[in-house]
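Quick notes on the structure that follows.
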Amino acid sequence: MSPEREALSPPNLINPTAADFGGAQFGQAQPQTIPNSVDSHILMPDDATVRVGGTVTFNVNGGSHGIGIYPVSKKRLVKTSMKTSVRVVRASANNATLTANSDYKIVDGRHHLIIETDTAANQPRIDDPFHRYLSTSGSIPGQPLTAGAFLTGSTSTTVPGHRIEIRFTKAGRYLVVCQNRGHLINDHMFGFVNVVDNDDKDDDHGHNDHRDK
Ligand SMILES: [Cu+2]
């Protein structure tokens, strides 16, 4: 083993409540309570902490998921603002499909625009590339609009599904969303990864170059 590899040997995980985050479940683990439902469109855990340089492996469970990751403020208003915008602005007026097809702006605790979903006609996936850290199912910039393929998740008889491992090299808080519009907007399929320095002072590094609209 090289010295470089040995340098990564300290445990990735520092939050005891997230001890299994090295193998996070993207979609409820099998057997699912109700497959392809709001009950299975979850991340487990949905908020966890790793050290800088640590990895998270997402085990994909169930169908039609894609993983998008975006840096966000540490101020914890993302979940609230997102659920409010979904439920208050659209939910009562449209059926679920129309709701998911609409245009939403997802902002973080500093009121920075993190994701503009656009409409499904213009953006078949949750696919805003600005400041994105990872996308597994997006379209290809500059090429004709084609919805990116979803990942192959586990089923009740086929375990495991795809596994996506990602290494976080910069401290901060990251929003992890499902790129399936219905899963994110209707079912709130998202969670967070906190990436901390060894001497983390819990300050907010900020993201000063965000769009300001
Ligand atoms: Cu999904």
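Restricting the search to region 86-101, which residues are modelled with pLDDT under 85 and crowded, with 16+ Cβ neighbours inside 10 Å? Walk me through how you get there before you give the answer.
If we filter region 86-101 for residues that are modelled with pLDDT under 85, which is where we start, we get 86-99.
Once the filter is applied, which keeps residues that are modelled with pLDDT under 85 and crowded, with 16+ Cβ neighbours inside 10 Å, region 86-101 yields V86, R90, T99.
Only a single criterion out of (1) modelled with pLDDT of 90 or more; (2) touching a His at 6+ places or on another chain (Cβ under 8 Å); (3) among the aliphatic types (A, V, I, L, M) is not satisfied by L175, namely (2). Could you tell me whether H183 is within 16 Å of the ligand (Cβ to nearest atom), touching a strand residue (DSSP E or B) at 6+ places or on another chain (Cβ under 6 Å) and of a type outside the set (V, I, T)? It is false that H183 is within 16 Å of the ligand (Cβ to nearest atom), touching a strand residue (DSSP E or B) at 6+ places or on another chain (Cβ under 6 Å) and of a type outside the set (V, I, T).
I need a count of the residues in region 150-168 that are at pLDDT 90 or above and loosely packed, with under 12 Cβ neighbours inside 10 Å. Residues that pass the stated criteria total 1. A Cβ distance below 8 Å, combined with a sequence gap of six or more or placement on separate chains, defines the contacts here; from region 34-60, residues that are of a type in the set (D, E, K, R) reach residues that are within 13 Å of the ligand (Cβ to nearest atom) and assigned to a strand (DSSP E or B) in the pairs D46/F190; D46/G191; D47/G191. The selection criterion, being assigned to a loop (DSSP other than H, G, I, E, B), at pLDDT 90 or above, away from the ligand (no atom under 16 Å from the Cβ) and touching a strand residue (DSSP E or B) at 6+ places or on another chain (Cβ under 8 Å), holds for D128.
The values are calculated or read from the model by the stated rules, or taken from the named source; none is laboratory data. Being a predicted model, the structure only gives us computed values, none of them experimental. All Cβ positions, even for glycine, are placed from backbone atoms using ideal geometry, and neighbour counts span all protein chains on display.
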